[in-house]
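Reviewing the structure listed below.
Values quoted throughout were computed directly from the atomic coordinates according to the rules given, and no laboratory measurement underlies them. The shown structure was predicted, so the numbers you read here are calculated from the model rather than taken from an experiment. Heads up, the Cβs are rebuilt from the backbone with ideal geometry, glycines too, and the neighbour counts pull from every protein chain shown.
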Amino acid sequence: MRNNKFVVIGAGALGLATAQALLQRGAAVTVLERGEVGRESSWAGGGILSPLCPWDYPDEVSRLALRGMALFGALAETLHQTTGIDPEFNRCGMLVLPPFDAKLALPWCAAHGVRVERRGDALLLSDVAQARNPRLLQALRARVEMLGGRIVEQCEVKQIVAEDGRVSHLATTLGDFRAENFIVTAGAWSKVLLGEHALTIDIKPIRGQMLLFKFDAPPLPHIVLQNDLYLIPRRDGHLLVGSTREDVGFDKSTTDEVRAMLQRRSSELLPVLSGMPVIKHWAGLRPASPGNIPSIGRHPHLQNLYINSGHYRYGVTMSPASVEMLLNEIDGAPQTLDVTPYRWT
């Protein structure tokens, strides 16, 4: 891989983590971003490093998420030490409130080595961690640039040009980009960007809206989850509340209806929120894929085109494991996990 030239399309958590890993192996890497670095789904999410109610997901999601969770602490520590930017990796635990299926949850935790404590009618998953998304992305960007990576913002890929079973170049709004290998990490835009080369890739945007509150000190000791509502306490007193799943295409606008719903539901769980001002209200577009199962690996017909996308809500959580899987494929190295469910077929 040393001195091989790669172009990575998309500068979110997956794109930057992929670029960092390639650079560490001696590759030359250019990252293209249609907007600003790290300002889409990776920035907009809450940074919970676990699937919500993980026992409700397919094994293909659990395996990749658990591997990512196991690797994330070391990634965060390396980023902090090398860049001076703290991603705020925090193993704060997640309190899961009813309703949930305890007959499913407890055996699942036991089978997967996930520590769980009963707290009345609730379950505390004490090893669940969080990261602060914007700071994680700042650290990843700094690390990529420190390693010699080139990042080009405001550069939209208009066409992936292929001939004779290979991608020859990318036609972009800033001209053509050529390399030996190309990796698509464009999140919700991946299928549109691939065009005719997408084949069976089925990735679409699903909007999620979030609220932010500010306390003098963290109002909760753990992440709190009930159904699809979560409250995430940051160390500096900020509290994130989310989120929704809205199939509205590439529309990132926020709505008063969702704002009122999130305020009402979060106040029921944490009454002190009633009447508190909302510091910020935003939306992001998750790269949704069937079963929440991402696509990772080489294109079946174009030997120098790869994908690492479609992680839905768990791109940050899965990023270390996804990058590990992709680089093992590029290198022809043994895989830690069965890659079959994630292949581009």
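Here is how the numbers come out for the structure above:
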read-out: Long-range amide H partners of Arg91 with built H, under 5 Å; value: Gln130
read-out: His112 long-range amide H proximity, modeled H, under 5 Å; value: none
read-out: Directionally averaged projected area (convex hull, Cα atoms, the chain), nm²; value: 16.9 nm²
read-out: Relative packing of peptides 296-305, 7-16 - highest average C-beta neighbours within 10 Å first; value: 7-16, 296-305
read-out: Length added when fully stretched, Leu220-Leu269, from 0.36 nm per residue minus Cα-Cα; value: 16.5 nm
read-out: Sequence-distant lysines (8 or more away, or on other chains) whose Cα lies within less than 16 Å of Lys214; value: Lys280
read-out: Choice from Gly148, Gly165, Gly332 showing the highest fluctuation, given a GNM over the chain with Cα pairs closer than 10 Å; value: Gly332
read-out: For the chain, built as a Gaussian network whose Cα springs stay under 10 Å, the top-fluctuating residue of Arg259, Arg132, Arg313; value: Arg259
read-out: Under-5 Å amide H pairs with Ala11, H placed in peptide plane, nonlocal only; value: Arg34, Gly38
read-out: Ranking of Ser274, Ser50 by count of other Cβ atoms within 10 Å, fewest first; value: Ser274, Ser50
read-out: Per-residue HN-Hα couplings for segment 287-299 [Karplus 6.51, -1.76, 1.60; θ = phi - 60°; Hz; x = Gly/Pro]; value: x, 6, 9, x, x, 6, 9, x, 10, 9, x, 7, 5
read-out: Sites matching trypsin sites (Lys or Arg not before Pro) across segment 1-53 that sit in DSSP coil, with at most 11 neighbouring C-beta atoms within 10 Å; value: Arg2
read-out: Between segment 273-345 and segment 98-133, the alpha-carbon center distance in angstrom; value: 23 Å
read-out: Estimated [θ] at 222 nm from DSSP helical runs (n ≥ 4, -39500 (n - 2.57)) normalised by residues in the chain, nearest 500; value: -9000 deg cm²/dmol
read-out: Inter-site label distance for Glu196 and Lys103 at 7 Å from Cα along Cβ, in nm; value: 5.4 nm
read-out: Proximal charge balance of Ser295 [Cβ under 11 Å; K/R count +1, D/E count -1]; value: +2
read-out: Highest-fluctuation residue, Glu268, Glu40, Glu329 considered, GNM on the chain with Cα pairs under 10 Å; value: Glu268
read-out: Cα→Cβ-extended label distance, 7 Å offset, between Glu153 and Lys280, nm; value: 1.5 nm
read-out: Surrounding net charge for Pro219, when Lys and Arg each add one and Asp and Glu each subtract one, Cβ distance under 14 Å; value: +1
read-out: Under Karplus coefficients 6.51, -1.76 and 1.60, residue-wise ³J(HN,Hα) of segment 310-324 in Hz, glycine/proline x; value: x, 7, 6, 8, 10, x, 5, 4, 7, 4, x, 6, 5, 5, 4
read-out: Vicinal HN-Hα couplings computed from phi for segment 4-19 (Karplus, 6.51 cos²θ - 1.76 cosθ + 1.60; Hz; Gly/Pro x); value: 5, 9, 10, 10, 9, 9, x, 10, x, 4, 5, x, 5, 5, 5, 4
read-out: Value of relative contact order over the chain, rounded to a whole percent, pairs C-alpha under 8 Å and six or more apart; value: 23 percent
read-out: Under 14 Å from Lys252, Cα to Cα: aspartates and glutamates that are on another chain or at least 8 residues apart; value: Glu40
read-out: Positive minus negative residues near Asp59 (Lys, Arg vs Asp, Glu; Cβ under 15 Å); value: -1
